[in-house]
1. Can you pull the semi-axes for the stretch 108-207, root of five times each eigenvalue of the Cα gyration tensor, sorted largest first, whole Å?
2. Just to be sure I understand the curve: with the Debye formula and one point per C-alpha of the stretch 216-331, what is log10 I(q)/I(0) at q = 0.23 Å⁻¹?
3. Taking K246 as the anchor, which lysines have their alpha carbon closer than 26 Å to its alpha carbon, excluding any fewer than eight residues away along the same chain?
4. Say a site is exposed when it is one of the chymotrypsin sites (Phe, Trp or Tyr not before Pro), sits in a DSSP loop, and has at most 13 other Cβ atoms within 10 Å; what is then the longest site-free stretch of the chain?
5. Helix-only estimate, please: 222 nm mean residue ellipticity of the chain, summing -39500 (n - 2.57) across DSSP H runs of length 4 or more and dividing by its residues, to the nearest 500.
6. Mind sorting out which of [x] 37, 25, 20; [y] 49, 23, 16; [z] 32, 22, 17 is the real semi-axes √(5λ) of the Cα gyration tensor in Å computed from the coordinates?
7. Let me check I've understood the local charge: for G195, count other residues with C-beta under 12 angstrom from its C-beta, Lys and Arg +1, Asp and Glu -1. What total comes out?
8. How much length is gained on full extension from N214 to H266, taking 0.36 nm per residue of separation minus their Cα-Cα distance?
Amino acid sequence: MKFKFRPLVGVTLVALMSAGLFACQKQENAQASQTEQPLQELIIALDWVPNTNHTGLYVALDQGYFAKQGFDAKIVQPSEDSTSTLVANQRADFGVYFQPNIVKRLNKGEPITAVAAIAQHNSAGLMSLASLGATSPKDLHGKRYSTWEDPVDDATVAEIVGEPLVKIPGESTDATTALRMDQFDYIMAYYGWDGIHAKIKGVETNFFYLKDANPVFDYYSPILIANTDALKANPEKYKKALAAIKEGYLYAAKNPEASAEILVKHAPEINPELAKQSQAYLSTLYLDDKGDWGRFDYARWDRFFGWVNDKGLTDKPLPPQAGVTNDYLPN
């Protein structure tokens, strides 16, 4: 609205206008306070210590993408292997998880669904010290294997290395140090974290990618899971949350150095150089060949679960597209 007035009466009109604008502003502020909704709590449970698998989550938090979608997001680090339990019991809205590990949860009938692929290709592999002399996975047969005691993971390693496995139960947050301390001879690890960490420490290792041994092992790892019942009850909530998360991972894919700094800002215990080098590697795995984030290729998902069925690793065969959906991802 524009006003026209003569200079002689300008003071009076300015006073009237000021009063009128002040009244309008008060009314608008009152209306805004009535319509403004408080941010909705959103709990995201990590799978492990904070690392570059999680960068997009921290970016979404740091850059206000969650708040823009109406969420007060909290990223929590649960105790060992409790992420799926938190999600199944609706104590967390999302959890970072892995396709092989979801098998035992689906086997038990837990209400868990994979809703987004954090990385498009599996960077897991078998890592050993170079001094062990292994030139192929078969050379690891008979050597001590550090196991998380997950049946599907162990069957995967056995398929590549050969039966029987010499298992050393336990979990290490620093695979390189554990190898150097001779706690075991090899471990299933992720190149984007443990492989790069070894290089930074100046430790020579051999790393054999699972997917190189058998393409069926290019499964989805890591993934985001949500509660199946909660998804159906409140689909818009999850669509909005995934829109924020996608924005975070798109940023991380395009800005590896800046996103690594954001990760370290929120998790200062991380070695900054490890975060930087790891992020440079992992940022190339976030997006598919169309430049999209989060979408599953159902055929690839089913191919791995077909192998799981063939190995008899479930009480009953997993049907096609078991425990996975793209329906909540933004276009």
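The values are calculated or read from the model by the stated rules, or taken from the named source; none is laboratory data. Since we're looking at a predicted model, the values are computed, not measured. All Cβ positions, even for glycine, are placed from backbone atoms using ideal geometry, and neighbour counts span all protein chains on display. Ligands, DNA and RNA are excluded from the accessible area calculation, which covers all protein heavy atoms including side chains. Shrake-Rupley method; radii C 1.70, N 1.55, O 1.52, S 1.80 Å.
1. For the stretch 108-207, the ellipsoid semi-axes come out as 24, 18, 13 Å.
2. -1.24
3. K68, K74, K211, K232, K237, K254, K265, K276, K290
4. On the way: sites that count: F3, F5.
Free of exposed loop sites, the longest segment is 6-331.
5. Details: 14 runs with 140 residues, N = 331.
Value at 222 nm, helices only: -12500 deg cm²/dmol.
6. So the calculated entry is the one marked [y].
7. Working: positive: K199, K201; negative: D194, E204.
Summing Lys and Arg as +1 and Asp and Glu as -1 gives 0.
8. Taking N214 through H266 to full extension adds about 15.0 nm, to one decimal.
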